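Inspection log for the structure reproduced underneath, given as structure tokens.
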Amino acid sequence: MVEQPQNVKQEPSVWEPPMWREQLKNIYSMRKFRNAAVDSMGCDVISDTLASPEVYRYQVLLSLMLSSQTKDQITSAAMEKLREHGCSIDNILQTSDKVLGELIYPVGFWKKKVEYIKRTSKILQEEYNGDIPDTVEKLCKLPGVGPKMAYLVMKCAWNQIVGIGVDTHVHRISNRLGWVKKPTKQPEDTRKELQDWLPREYWRDIDELLVGFGQQTCLPVGPKCYECLNKEICPVGKSNKKMPSSKKTKKEEMKEETE
């Protein structure tokens with residue numbers, strides 16, 4: 001039998017950020033009240049839980065399609081109008097593009113989303129018997145649906161955790177904390193990196209946890225590092241602990257409007 005060499009440091013089989021457990025624990029502490037916009041206006045909250053399972057799943061899908069480049073408050077208002085109008089596949093298909101546009105305005109790119117919603121609804125009616133696809137691959141084939149939406153649909157509509165939904169908040173925070181081996185440019189790259197090392201037990205909660213953290217503390221512009229529990233163990237926080245000026249440029253305000 002060959003003996004193992006003594007005093008040889010064993011390298012971890014999977015790369016992981018050195019401080020991630022402490023950083024995550026701090027984020028849980030900062031999010032303990034769950035009072036961010038995403039907590040009261042997430043896709044599962046603004047969809048009708050009293051509707052049939054098929055209609056509820058359809059509304060979850062639509063709410064995520066509307067949410068792209070749109071603040072939660074605006075998405076929630078649009079979904080409320082859609083639900084009052086009648087947010088089922090049959091009813092949406094019978095609604096004119098003009099009326100549908102008026103219902104979802106002013107979500108970002110609302111004209112394009114009218115087209116996506118109509119095309120998607122037609123596909124669901126003809127190919128899925130009035131329900132939505134139950135795999136990421138099939139969901140991503142629908143007009144206007146990308147990986148982030150698909151993974152969130154799987155979680156919120158089908159109660160299946162098959163991946164992490166990475167939006168701009170999760171993408172930004174993961175890069176700031178050093179939760180990726182090297183800086184990533186696209187949310188999809190960040191998702192793959194996170195899924196490589198983050199234990200699956202955290203996958204269900206991580207997107208909502210970080211989105212709320214990004215809405216309240218780790219802002220896209222002017223992050224509140226001075227009040228963040230991670231300021232001493234975050235690469236960005238270490239050099240950004242002073243309270244900034246409250247005055248924002250027009251460019252900064254516009255950036256916040258889309259995140």
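The values are calculated or read from the model by the stated rules, or taken from the named source; none is laboratory data. Model, not experiment: these values are computed from the prediction. Positions of Cβ are generated from backbone atoms using ideal geometry, with glycine treated the same way; all protein chains shown enter the neighbour counts.
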_Tell me the residue from ARG34, ARG21, ARG83 that is among the basic types (Lys, Arg), under 16 Å from the mean Cα position of the chain (by Cα) and at pLDDT 95 or above, please._
ARG34
*Evaluate the following for THR49: is it polar (S, T, N, Q), in contact (Cβ under 8 Å) with a residue 40 or more places away in the chain and either farther than 28 Å from ASP205 by Cα or not assigned by TED's automatic domain parsing to the domain that holds PHE213 (or both)?*
no
*Does ARG191 meet the test of being touching a Cys at 6+ places or on another chain (Cβ under 8 Å), crowded, with 19+ Cβ neighbours inside 10 Å and in contact (Cβ under 8 Å) with a residue 40 or more places away in the chain?*
no
_Just to verify a result, which residue in the range 141-189, among those that are of a type outside the set (A, V, I, L, M), within 11 Å of the chain's Cα centre (by Cα) and in a loop (DSSP other than H, G, I, E, B), is nearest to CYS228 (Cα to Cα)?_
ASP167
*Return the residue satisfying two criteria in turn: it lies in the range 89-111 and is free of Cβ contacts under 8 Å to residues at least 12 places away in the same chain and either closer than 18 Å to TYR58 by Cα or crowded, with 17+ Cβ neighbours inside 10 Å (or both), and of such residues it is nearest to the chain's Cα centre (by Cα).*
TRP110
*Given the structure, is PRO199 within 21 Å of ILE27 (Cα to Cα), more than 12 Å from the chain's Cα centre (by Cα) and free of Cβ contacts under 8 Å to residues at least 24 places away in the same chain?*
yes
*Name, by its number, the condition in (1) crowded, with 21+ Cβ neighbours inside 10 Å; (2) of a type in the set (A, V, I, L, M); (3) closer than 30 Å to PRO220 by Cβ that does not hold for ALA77.*
(1)
*Being surrounded by 15 or more Cβ atoms within 10 Å (Cβ to Cβ) and without any contact (Cβ under 8 Å) to a residue 24 or more places away in the chain narrows it down to one of VAL153, VAL114, so name that one.*
VAL114
*Which residue out of GLN94, GLN73 is within 22 Å of VAL170 (Cα to Cα) and either modelled with pLDDT of 95 or more or of a type in the set (A, V, I, L, M, F, W, C) (or both)?*
GLN73
*asked:* Checking LYS25 against (1) surrounded by 11 or more Cβ atoms within 10 Å (Cβ to Cβ); (2) in contact (Cβ under 8 Å) with a residue 24 or more places away in the chain; (3) assigned to a helix (DSSP H, G or I): exactly one of these is not met. Which one?
replied: (2)
*Restricting the first residue to the range 63-88 and requiring it to be without any contact (Cβ under 8 Å) to a residue 12 or more places away in the chain, which pairs with a second residue that is part of a helix (DSSP H, G or I) meet a Cβ separation below 9 Å and a spacing of at least six or different chains?*
GLU84/LEU103; GLY86/ILE92
